[in-house]
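Reviewing the structure listed below.
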Ligand SMILES: Cc1ncc(COP(=O)(O)O)c(C=O)c1O
C-alpha cells in the first residue's frame with residue numbers, strides 16, 4: 001500500500017469548499033526548486049549546516065526590510081525569529097508566556113485550529129466582538145472582571161487582517177484602542193498576520209505590531225499561504241529580549257534554527273525578487289477566485305448575507321434560520337463541503353454562531369464554484385422542507 005505524501009484528502013464527488021489549502025497550481029514547484037538550488041549555490045555547505053538560532057541572516061535581512069516598509073518603521077534583525085510556520089510560532093509564544101491555570105482571550109470568531117493550539121496551554125475565553133471584529137472597551141471590562149477574580153490573563157489572540165474565517169479587517173479605530181488597552185492593562189496581543197500579503201484591492205492595513213510600542217504585540221507570520229505550507233516556514237516579531245529567550249531554548253541549542261535549508265532558500269527567493277513575481281501571480285489567481293465565488297453565491301444562494309473580503313481565502317456566509325452544523329451532512333450528500341461556523345467560536349460566545357459557514361475559495365477550481373453553490377442551495381431547500389414537514 002502506498003502511504004500518503006500530503007495531508008490533502010479529497011473525497012470523490014464532493015466539491016471541497018471547507019479546507020484552507022492552496023490551489024495545487026499556485027504552488028511554485030519549479031521556482032522553489034530554483035530557490036533551493038540558488039541557496040545551495042550561494043551559501044554552499046553553510047546552507048546544510050545547523051542553522052543560526054534565530055534564522056539565517058539573508059532571510060532575516062530581507063524580512064526586516066519588507067516588514068519595516070509595510071509597518072512604516074525600522075524592524076531590527078534581533079526582533080525576528082524564524083519558525084516552522086505560524087502554528088509553531090503560536091505554540092512557542094504559548095509555551096513561553098502561559099502557565100497552568102491561566103486564561104487566554106480570543107477573538108470570536110477566529111481561526112479554529114489556533115483554538116486547539118492555545119487550549120493545550122490555557123483556558124480560553126471569548127473576547128466580545130461584533131460583525132466588524134473585536135470590541136476593545138467591552139474586552140477591557142471582561143479582562144478587568146477576570147483579573148478581579150484573581151485569574152492571570154497574559155494574552156489575547158486575534159487575526160486582525162483578512163481574518164480566518166470572516167475575511168474582515170479590524171477597523172483602524174479599534175486597532176488603536178486595542179493597542180492602548182494592551183499598554184494600559186499589560187496585556188500581550190498576539191497578532192496572527194498569516195494573510196497580510198494576500199491583499200486583493202488595496203494594501204493591507206497597518207499591523208498592530210507597527211502601531212504598538214515594544215512589548216505590547218507579538219506578530220506571527222507565515223509563508224504557508226503565499227509560498228507553500230509544506231516548506232513549514234514562518235516567523236514571529238517580538239522584543240529583542242523575547243527573541244533572545246526563544247533562541248536560548250534547549251531545543252534550539254541542540255538543533256539550531258528551524259528548517260534551516262528551507263529558510264536559506266526562502267532568503268534567496270525573497271532577495272532575488274522571485275518571491276515578489278510569484279506573489280503577484282498568486283494574488284491575481286486568488287482575486288479571480290474570490291470574485292468568482294462572490295458571483296456564484298450572489299446568483300445561486302441570494303439568501304446568504306456576507307461581506308466581500310478584501311484579502312485572504314474565505315467567504316463568511318450567514319444563513320438566517322439555518323443550523324449549518326445540522327446542514328453539513330445534507331450538503332455533503334448533495335456533493336459540497338464547507339466549515340460550519342460554530343467551529344470558529346468557543347462555546348459560550350454570544351451571537352448566532354450556528355447560522356454561519358465558511359467557504360474557502362483557495363483550493364477548488366473556480367469553474368466548480370457555481371455548481372458547488374447550487375448544491376449548497378439545494379441542500380438548504382431540502383433541510384428547510386424537512387424541518388417544515390413539506
Ligand atoms: C489564521 C491562521 N493562522 C495560522 C495558520 C497556520 O499557518 P502555518 O501553516 O504557517 O502553521 C492558518 C492556516 O490555515 C491560519 O488560517
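The values are calculated or read from the model by the stated rules, or taken from the named source; none is laboratory data. Everything numeric here is computed off the predicted structure, so don't read it as measured data. Reconstructed Cβ throughout: ideal geometry from the backbone, glycine too, with neighbour counts over all protein chains shown.
Within the range 9-38, being assigned to a loop (DSSP other than H, G, I, E, B), closer than 21 Å to residue 357 by Cα and touching a residue at least 24 places away in the same chain (Cβ under 8 Å) holds for 11, 13, 14, 17, 18, 19, 20, 21, 22, 23. Among the residues of the range 76-97, those that are within 15 Å of residue 63 (Cβ to Cβ), within 12 Å of the ligand (Cβ to nearest atom) and either out of contact with any strand residue (DSSP E or B) (no Cβ under 7 Å at 6 or more places or on another chain) or assigned to a helix (DSSP H, G or I) (or both) comprise 86, 89. The C-beta contact set for the range 203-232 (first residue farther than 21 Å from residue 85 by Cα, second residue modelled with pLDDT under 95 and not in a helix (DSSP H, G or I), distance under 7 angstrom, 6+ apart or interchain) comprises 206/72. Being closer than 29 Å to residue 212 by Cα, away from the ligand (no atom under 16 Å from the Cβ) and not assigned by TED's automatic domain parsing to the domain that holds residue 61, is that true of even one residue in the range 295-309? Looking through the range 295-309, at least one residue is closer than 29 Å to residue 212 by Cα, away from the ligand (no atom under 16 Å from the Cβ) and not assigned by TED's automatic domain parsing to the domain that holds residue 61.
Looking only at residues in the range 210-225 that are part of a loop (DSSP other than H, G, I, E, B) and more than 16 Å from the ligand (Cβ to nearest atom), the one that is surrounded by the fewest Cβ atoms within 10 Å (Cβ to Cβ) is 213. Kindly provide the set of residues from the range 228-249 that are assigned to a loop (DSSP other than H, G, I, E, B) and more than 10 Å from the ligand (Cβ to nearest atom), ordered by number. Hits for the range 228-249 are 238, 239, 248, 249. Is it the case that residue 100 is in a loop (DSSP other than H, G, I, E, B) and crowded, with 22+ Cβ neighbours inside 10 Å? No: the conditions fail for residue 100.
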